[in-house]
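For reference, the structure is listed below as structure tokens.
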Amino acid sequence: MRCRMCGQRAVIRLRSHNIALCEGCLQEFIRRRVKKAIKDYRLLQPGERPLVAVSGGKDSLSVWDLLGELGFEAGGLYIHLGIGDYSDRSEEAARRFAEARGLELRVERVADHFSGLGIPELARLDRRPPCSICGMVKRYLMNKAAYEGGRVLVTGHNLDDEVATLFGNVLDWKEGYLSRQAPRLPAAPGLAPRTKPLVLCTEREMAAYAISRGIDYILEECPFSRGATSLFYKDLWNQLEERSPGAKLRFYQNFLRVRHLFREEEPRLQPCQSCGFPTTTELCNFCRLRDRAKGKKGNPP
Amino acid sequence: MVTVTYQGKRYAFEGKVDGFKILRELGLREEEVLLVKDGKLLPLDQPLQRGEVKVIPVVSGG
Ligand code: SF4
Ligand SMILES: [Zn+2]
Ligand SMILES: [Zn+2]
């Protein structure tokens, strides 16, 4: 197997692009894919300052690395979820990465906002699945940090993530979700713009990029992700991709061409009476949960 | 002999082997893993005699 770009011995073949690449050219290839996504979908403007939400995994650390390579002054945000050793080890990975490169990393602890409780305890308290609490809390803290810092929020969602989400939304024809599934969501009052520069790169391409760049990411997964529907969809899509290389990319890119056909009335947002961030109710979910956690601890609400 | 580690388990391969054979034997698809030898990406078509190969899953969930 020879590298398509330079003719040296290739280390990986990418069937969806019908090429094989050596290590150096693989890195260049990924940089070009990210540049293409940024340009085609107007994900970042020159001068915008990204804030990368990092989990310690391959995608978020790689997107942080890539944005630096492309000349953006990107900071990182790590959210410690309070999920046992997993959270401590992933924080370590994020810190190691930032320190080795002299990058600025901000760390937020869920427990600091919820009277010492982490995601598992909050889920029990609110009788909701951990991932639903976790998603809400992460979205809130990421948006707050980016909004207050005048940054564009960047997440490491890759093509496989987007395809799994899109597939789930198409199965139920969730028009509202389909209308909002975009690689960049614009700023709005109280909301920082959000963008996903890895949407044209597969999960395997990103793992290969991370390994070839010597990025020391954690392989360990959040214990609550076991059995997630998204993993089942990803498995289905890997079967499809094997039969029909490029299927993921076609599904996603063609969706973006027809996305404007899906419409939903915008929910009416108002500022939360406690924190001021946009919500559909008087008190936002974050503040409501914060008050509940206070009561639980015997503190006055 | 080539030793392969995957999800905490070790597998031994004797005789002629390459990455494609390792994936076949472990029932894995090319899209869902990478092979790494001595910290470097291992091309699937490279014939192997000895050494340690790690199977790195690339699919993450949640
Ligand atoms: S899998 Fe873990 S990190 Fe992901 S949303 Fe669920 S609880 Fe949060
Ligand atoms: Zn090359
Ligand atoms: Zn609020």
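A few notes on this one:
- Qualifying positions in the range A:194-214 - farther than 14 Å from A:Arg31 by Cβ, outside any helix (DSSP H, G or I) and either more than 10 Å from chain B (Cβ to nearest Cβ) or touching a Lys or Arg at 6+ places or on another chain (Cβ under 7 Å) (or both): A:Arg194, A:Thr195, A:Lys196, A:Val199, A:Thr202
- Residue within the range A:45-58 that is within 12 Å of another protein chain (Cβ to nearest Cβ), assigned to a helix (DSSP H, G or I) and crowded, with 21+ Cβ neighbours inside 10 Å present: yes
- Identity of the residue in the range A:226-251, small (Gly, Ala, Ser) and more than 9 Å from chain B (Cβ to nearest Cβ), that ends up surrounded by the fewest Cβ atoms within 10 Å (Cβ to Cβ): A:Ser244
- Candidates A:Arg96, A:Arg128: the one that is free of Cβ contacts under 8 Å to residues at least 40 places away in the same chain, surrounded by 13 or more Cβ atoms within 10 Å (Cβ to Cβ), basic (Lys, Arg) and out of contact with any strand residue (DSSP E or B) (no Cβ under 6 Å at 6 or more places or on another chain) is A:Arg128.
- When B:Tyr6, B:Tyr11 are checked against the criterion of being under 10 Å from the mean Cα position of the chain (by Cα), open to solvent by 70 Å² or more (accessible area, probe 1.4 Å) and aromatic (Phe, Trp, Tyr), a single residue qualifies: B:Tyr11.
- Residues being free of Cβ contacts under 8 Å to residues at least 60 places away in the same chain and away from ligand 2 (no atom under 16 Å from the Cβ) are represented in the range A:14-36 by at least one member.
- Residues that are acidic (Asp, Glu) and within 13 Å of chain A (Cβ to nearest Cβ) do not occur anywhere in the range B:51-61.
- Breaking point among (1) within 14 Å of chain B (Cβ to nearest Cβ); (2) within 16 Å of ligand 3 (Cβ to nearest atom), for A:Lys294: (1)
- Meets criteria (open to solvent by 40 Å² or more (accessible area, probe 1.4 Å), within 19 Å of the chain's Cα centre (by Cα), of a type in the set (Phe, Trp, Tyr) and more than 14 Å from every other protein chain (Cβ to nearest Cβ)) for A:Tyr78: no
- Residue list for the range A:252-277, restricted to those being within 14 Å of ligand 3 (Cβ to nearest atom), at pLDDT 95 or above and surrounded by fewer than 17 Cβ atoms within 10 Å (Cβ to Cβ): A:Gln270, A:Pro271, A:Gln273, A:Ser274, A:Cys275, A:Gly276
The values are calculated or read from the model by the stated rules, or taken from the named source; none is laboratory data. Only a predicted model underlies this, so the values are computations on that prediction, with no experimental measurement involved. Ideal geometry is used to build each Cβ from the backbone, glycine not excepted, and the neighbour counts take in all protein chains shown. Only protein heavy atoms, including side chains, enter the accessible area calculation; ligands, DNA and RNA are left aside. Shrake-Rupley method; radii C 1.70, N 1.55, O 1.52, S 1.80 Å.
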